[in-house]
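Input: a single structure, listed below in structure tokens.
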Amino acid sequence: MESADLRFLAARVANGDDAAFRGIVDRTRAPMYRLAARLVGNLAEAEDALQEAYVDAYRALRDGRWDGRSKVETWLYRIVTNAGIDALRKRRELQDNEKHEPRFDGLIAAEARVALRELDAMLDGLAPGDRAALVLTAVEGLSAKAAAEALGCSEGAIEQRLVRARTALRAKQEREEA
């Protein structure tokens, strides 16, 4: 992703060029899909969250709600993370533990699906905000500062979320080992 190109495309969308949004999607889809999948741990839910995030981003650009202070990528990380957190909350509210995955389409390796399920099982039970902080920093490799910007909070809040997440994961591991 080249930030200057994305800024140019975002400006075009804001000025009424709807077709320019396709360029934003094309350039960001792979990393944003990975983020959504890692956040929610389910490919079907990740697709839904990503679609909602792109709709929100498009509307924000058209309505002039992107101020251009942050990189387009960082702004999209925030929107996708929020959509992923919403998906996790909906899942918990419905208490639907049944996993609905699309049929194997040949695009995603079976190993990746297994790894995603394992990651979801490991992170299951974490508060959505704690899970998001952990995924953004430990899995996506964002700095605490970038994760804080993506989540709309302070670096200190990210550090607190990471401490809670790691503590919960250690406790879970100890329970499983006992």
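From the largest down, region 105-175 spans 41, 32, 16 angstrom on the principal axes of its Cα atoms. Extension gain for residue 15 to residue 159 (0.36 nm times residue separation, less C-alpha to C-alpha distance): 48.0 nm.
Against the main long axis of the alpha-carbon atoms of the chain, helix 72-94 sits at an angle near 40°. Model label points for residue 171 and residue 56, set 7 angstrom from Cα along the Cα-to-Cβ axis, are 2.8 nm apart.
Go ahead and run the numbers for FRET between residue 114 and residue 25, Cβ-Cβ distance against an R0 of 30 Å, rounding to 0.05. Mind dumping the intermediate values first?
On the way: r = 28 Å, r/R0 = 0.92.
Result of the calculation: an efficiency of 0.60.
Using only alpha carbon pairs under 8 Å that are at least six residues apart, calculate the relative contact order of the chain and give it in whole percent. This gives 23 percent for the chain.
Return the carbon/sulfur percentage of the accessible area of the chain, one whole number, probe 1.4 Å, all protein chains in place.
Answer for the chain is 49 percent, counting heavy atoms of protein chains only.
Taking all protein chains into account, the per residue accessible area for the chain stands at 56 Å² (1.4 Å probe).
The values are calculated or read from the model by the stated rules, or taken from the named source; none is laboratory data. This one's a predicted model, so the numbers in the text were calculated from it and none came from an experiment. Note that each Cβ is placed from the backbone with ideal geometry, even for glycine, and that neighbours are counted across all protein chains shown. For accessibility, only protein heavy atoms count, side chains too; no ligands or nucleic acids. Shrake-Rupley method; radii C 1.70, N 1.55, O 1.52, S 1.80 Å.
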